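J.: Just dropping this structure here.
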Amino acid sequence: MVVNRRISREKYILAAIFTVLIFSLGLAMGIILDYERLRWIEQITKTYDVDFRGLQFQVLYLNSLEKDNASCDVLYATLESAIADLGDSLETIQEYEKQSKGKQNDFDIITRRYLLDNLRYWLLVRETKDLCGFDAVEILYFHSLDDCDTCPNQGVVLSYFKKKLGDKLLVFPVNVDIGEDEPSIGMIKRKYDVKKLPTLIIEDKKYEGVIERNELNKVICQGFKTKPEVCA
Amino acid sequence: MNVFASIILWTSYIISLYFTIFWLIVFLDAKPRFLKEEKEKRLLNKFPNVSVLIPGYNEEKTISKTIHSVLNLDYPKNKLQIIVINDGIKDKTKEVVEEIIRKNKERDIILINQKNKGKAAALNNALKITKGEFFSCLDADSTVDKKTLKKMIYLYQKEDDKDLVIVTPAMKVNKPKTLIQKLQWLEYLVAMFVARLMSQLDCIYVAPGPFSLYRAKTIKKLGGFSEDNLTEDMEIAYRVQTHDYKIRQCFDAYVHTVAPQTFHQLYKQRNRWFKGGILNVFLYRNMFMNKKFGDFGLVQMSINMFNFFLAISAISFFFYYAILPILNNIHEMWLVKFDFLPYLKTFFLNLNFNILSIDLTKTFILILLFSVFLVMFILSHKNANERVKKHGFLYMLPYFLFYYVGLSFIAVIVIGELIIGKKQKW
């Protein structure tokens, strides 16, 4: 008896059903966790908000009541930890930006908020630096994820220095992609006349295009009163 | 990641998942039959004549072992014929075989000498003088278990169908020593299990060189082995399928084969297999999606074609997730003039945050896909009556991570070679 050729139609269909089920399960689990992750990031930004209000109060207090700057130490400590947290979440958010580019509205709002946090801290640092005599260098980093091929390179070099100098270097990234939604970016861009990307504003001076490691080292070192090890 | 690679990857995810689940369903369906099969007392009513063909080329070291494993088979001595084909052998194989013949005068052993014309020609030559109702081939690098022949003959007796023309064995890698051999050990176990499932749907498309048992009359009628095919053991199975004859696997008819020891040897073997695979799929393309051939045309032919697509996909997968990140890291290190000390300091801190940078959806689907494969993997061990950790766990990591990527590389090279039209003999 020759082979009785069968077509196992019910097996094909069953396999298809299970494939779709397993696939959707993976998809659903991924989406749920993605949502959790978003909430987690939101939580972080909320914490920053509270931290920032605390800082703002301290500055206000310094400006209006204390004239001998005795509270500068406290302010510096708080600022330090706040900015360290901000630096950590920078990488997080950048990584996250890479994959969910323009996908989620929620995420756009979070990045906007993060950006504003950054700008607020930047202002605060400039304000208190003279008041309390902090020895730190602050960098405003204009970049874009969509139309700037060399920005990742600058990002790598910047995070390298951030890792090296720790809280002595304060990097405030400004993602200009959000520009249309957030008028404050336009304001700052106009002030420094930012036309090219990437652009760095280091201690109020503008540097256009990618700055290599050695050059950036020199520029950063100029900003310190007591030179750290790296500058020797 | 570019859209093209993305599409390839997702397609292969889904199709691999589909086929794996399909075989699992076949397994669940066949399980009661399998259990019955495994408990059967296999008693033979009669012992038909069997000829064992041993083609050999420069295999003096292993041929003695091979012949002795056949001589030691649990089968009536007067029903078993051994034909050794000396395929232009330049070493002492001839002397070794003649010595064995002298020592076993009561046994039916024949030595044929022929000019080096390849394995298929050697088998065809021997086929002319076989007197058995059944014949099998045993490569000179393989040995066969004592009970194997009886088990296979029993399958013929049980089916009692003159249109059952090939019974295939269950191949195991003989005493794997090197890493490459251990990886093949795992590969063979899985392949063996899948072959058992394929057997349920009349989907077997290769009759492994070592000790497949053929019905002599039918194979002769079909014209013997194809002498210009790279993988004649695959071609004969395809040919048998086009003529609607039956092929069955005997799940515990163990044959032990010496697997390639080094990557170079493995490369040479697989280059030939894959090339033969593609050429035979092409040769028998009319069966693809042909309802006349049932599951063989719809499922098996699709899988055989999909495998090469999967190979290409595996390579792009490997490129995007392994090579590209490495290149990226090197580039980043170059940007900071290879001063990586600051990174080491904060490495453990970063691990925490890298979790956030993972694409969770893709990861979850991958995990599920892997779990389904893992089920298949464990069932394969059960099927072969082997413990999962027989050779330790360590080599499973390269098996799951790199082995199939490596094979895919070979497959992609083969596709390339076929496109530029490189000729090759086995």
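J.: Output the number of residues of the range B:50-100 satisfying the condition of being part of a loop (DSSP other than H, G, I, E, B) and either under 20 Å from residue B:148 (Cβ atoms) or hydroxyl-bearing (Ser, Thr, Tyr) (or both). Reasoning before the result, please.
T.: Initially, the range B:50-100 is screened for residues part of a loop (DSSP other than H, G, I, E, B), giving B:57-59, B:72-76, B:88-92.
So of that shortlist, the ones also either under 20 Å from residue B:148 (Cβ atoms) or hydroxyl-bearing (Ser, Thr, Tyr) (or both) come out as B:57, B:72-76.
Adding up the residues that qualify gives 6.
J.: Residue B:94 - would you say it is more than 30 Å from residue B:39 (Cβ to Cβ), surrounded by fewer than 20 Cβ atoms within 10 Å (Cβ to Cβ) and touching a strand residue (DSSP E or B) at 6+ places or on another chain (Cβ under 6 Å)?
T.: When the stated conditions are applied, residue B:94 passes them.
J.: Can you pull out every residue in the range B:74-98 that is modelled with pLDDT under 90 and acidic (Asp, Glu)?
T.: Correct list: B:87, B:91, B:95, B:98.
J.: Still on this structure, please answer the following. Output the number of residues of the range A:121-165 satisfying the condition of being within 20 Å of residue A:76 (Cα to Cα), more than 10 Å from every other protein chain (Cβ to nearest Cβ) and part of a helix (DSSP H, G or I).
T.: 12
J.: Also: Regarding the range A:167-175, can at least one residue be identified that is within 14 Å of another protein chain (Cβ to nearest Cβ), within 29 Å of residue A:225 (Cα to Cα) and surrounded by fewer than 21 Cβ atoms within 10 Å (Cβ to Cβ)?
T.: yes
J.: Quick one: in the range B:1-58, which of the residues that are within 14 Å of another protein chain (Cβ to nearest Cβ) and touching a Ser or Thr at 6+ places or on another chain (Cβ under 8 Å) is nearest to residue B:108 (Cα to Cα)?
T.: Going through the qualifying residues, I end up with B:26.
J.: Is it the case that the range A:29-49 has a residue that's over 29 Å from residue B:363 (Cα atoms), more than 9 Å from chain B (Cβ to nearest Cβ), in contact (Cβ under 8 Å) with a residue 40 or more places away in the chain and of a type in the set (Ser, Thr, Tyr)?
T.: Yes, that holds for at least one residue.
J.: Could you tell me whether residue B:415 is of a type in the set (Val, Ile, Thr), surrounded by 13 or more Cβ atoms within 10 Å (Cβ to Cβ) and assigned to a helix (DSSP H, G or I)?
T.: Taking the combined requirement at face value, the residue satisfies it.
J.: Something else: Looking at (1) modelled with pLDDT of 90 or more; (2) over 22 Å from the mean Cα position of the chain (by Cα); (3) surrounded by 17 or more Cβ atoms within 10 Å (Cβ to Cβ), can you tell me which one residue B:410 breaks?
T.: If we test residue B:410 against (1) modelled with pLDDT of 90 or more; (2) over 22 Å from the mean Cα position of the chain (by Cα); (3) surrounded by 17 or more Cβ atoms within 10 Å (Cβ to Cβ), just (2) comes out false.
J.: Might you let me know whether the range B:415-423 holds any residue that is out of contact with any Leu (no Cβ under 8 Å at 6 or more places or on another chain), closer than 20 Å to residue B:23 by Cβ and not β-branched (Val, Ile, Thr)?
T.: Within the range B:415-423 (the criterion being out of contact with any Leu (no Cβ under 8 Å at 6 or more places or on another chain), closer than 20 Å to residue B:23 by Cβ and not β-branched (Val, Ile, Thr)), the answer is no, since none of the residues qualifies.
J.: Right, here's the next one. Being in a helix (DSSP H, G or I), more than 14 Å from chain A (Cβ to nearest Cβ) and within 15 Å of the chain's Cα centre (by Cα): is that true of residue B:192 here?
T.: yes
J.: Return the only residue of B:221, B:275 being surrounded by fewer than 19 Cβ atoms within 10 Å (Cβ to Cβ), modelled with pLDDT under 95 and either in contact with a Phe, Trp or Tyr (Cβ under 8 Å, 6 or more places away or on another chain) or basic (Lys, Arg) (or both).
T.: On inspection, the qualifying residue turns out to be B:221.
J.: Just one of the numbered conditions (1) buried (at least 18 other Cβ atoms within 10 Å of the Cβ); (2) farther than 22 Å from residue B:185 by Cα; (3) at pLDDT below 95; (4) out of contact with any helix residue (DSSP H, G or I) (no Cβ under 6 Å at 6 or more places or on another chain) is not true of residue B:257; which one?
T.: Single failed check for residue B:257: (2).
J.: Confirm whether residue B:76 is within 30 Å of residue B:304 (Cα to Cα) and of a type outside the set (A, V, I, L, M, F, W, C).
T.: No: the conditions fail for residue B:76.
J.: Exactly one condition in (1) buried (at least 20 other Cβ atoms within 10 Å of the Cβ); (2) in a helix (DSSP H, G or I) is not met by residue B:209; state its number.
T.: Tallying (1) buried (at least 20 other Cβ atoms within 10 Å of the Cβ); (2) in a helix (DSSP H, G or I), residue B:209 fails exactly one: (2).
J.: Here is a list of conditions, (1) touching a residue at least 40 places away in the same chain (Cβ under 8 Å); (2) of a type in the set (Gly, Ala, Ser); (3) out of contact with any strand residue (DSSP E or B) (no Cβ under 6 Å at 6 or more places or on another chain); (4) farther than 21 Å from residue A:5 by Cα, and residue B:294 meets all of them except one; can you say which number that is?
T.: (4)
J.: Okay, moving on. Restricting attention to the range A:5-48, which residues are at pLDDT 75 or above, closer than 27 Å to residue A:131 by Cβ and of a type outside the set (Val, Ile, Thr)?
T.: Matches in the range A:5-48: none.
J.: Yes or no: residue B:174 over 24 Å from residue B:384 (Cβ atoms) and touching a strand residue (DSSP E or B) at 6+ places or on another chain (Cβ under 6 Å)?
T.: Taking the combined requirement at face value, the residue does not satisfy it.
J.: Given the range B:302-400, what helices (runs of 4 or more DSSP H) lie entirely inside it while holding 1 or more residues that are modelled with pLDDT of 80 or more, on the phi > 0 side of the Ramachandran plot and not hydroxyl-bearing (Ser, Thr, Tyr)?
T.: So the answer is none; nothing clears 1.
J.: If residue A:223 satisfies all but one of (1) farther than 28 Å from residue A:112 by Cα; (2) modelled with pLDDT under 80; (3) not charged (D, E, K, R), what's the number of the condition it fails?
T.: Failed condition: (2).
J.: Let me ask something else about it. Restricting the first residue to the range B:400-419 and requiring it to be closer than 14 Å to residue B:180 by Cα, which pairs with a second residue that is of a type in the set (A, V, I, L, M, F, W, C) and modelled with pLDDT under 90 meet a Cβ separation below 6 Å and a spacing of at least six or different chains?
T.: Pairs found: B:405/B:314; B:405/B:318.
J.: From the list B:117, B:175, B:158, which one is surrounded by fewer than 23 Cβ atoms within 10 Å (Cβ to Cβ) and in a helix (DSSP H, G or I)? Working first, answer last.
T.: Details: B:117 fails: in a helix (DSSP H, G or I); B:175 fails: in a helix (DSSP H, G or I).
Among B:117, B:175, B:158, only B:158 is surrounded by fewer than 23 Cβ atoms within 10 Å (Cβ to Cβ) and in a helix (DSSP H, G or I).
Conditions tested, residue by residue: (1) more than 16 Å from residue B:122 (Cβ to Cβ); (2) assigned to a helix (DSSP H, G or I).
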position: B:220; (1), (2): no, yes
position: B:229; (1), (2): no, no
position: B:236; (1), (2): no, yes
position: B:248; (1), (2): yes, no
position: B:254; (1), (2): yes, no
position: B:261; (1), (2): yes, no
position: B:267; (1), (2): yes, yes
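J.: Mind listing whichever residues of the range A:166-184 are under 12 Å from residue A:143 (Cα atoms), in a helix (DSSP H, G or I) and either modelled with pLDDT of 85 or more or of a type in the set (Asp, Glu) (or both)?
T.: Result: A:177, single match.
The values are calculated or read from the model by the stated rules, or taken from the named source; none is laboratory data. Here the structure is a predicted model, which is why all the values come from computation and not from measurement. Ideal geometry is used to build each Cβ from the backbone, glycine not excepted, and the neighbour counts take in all protein chains shown.
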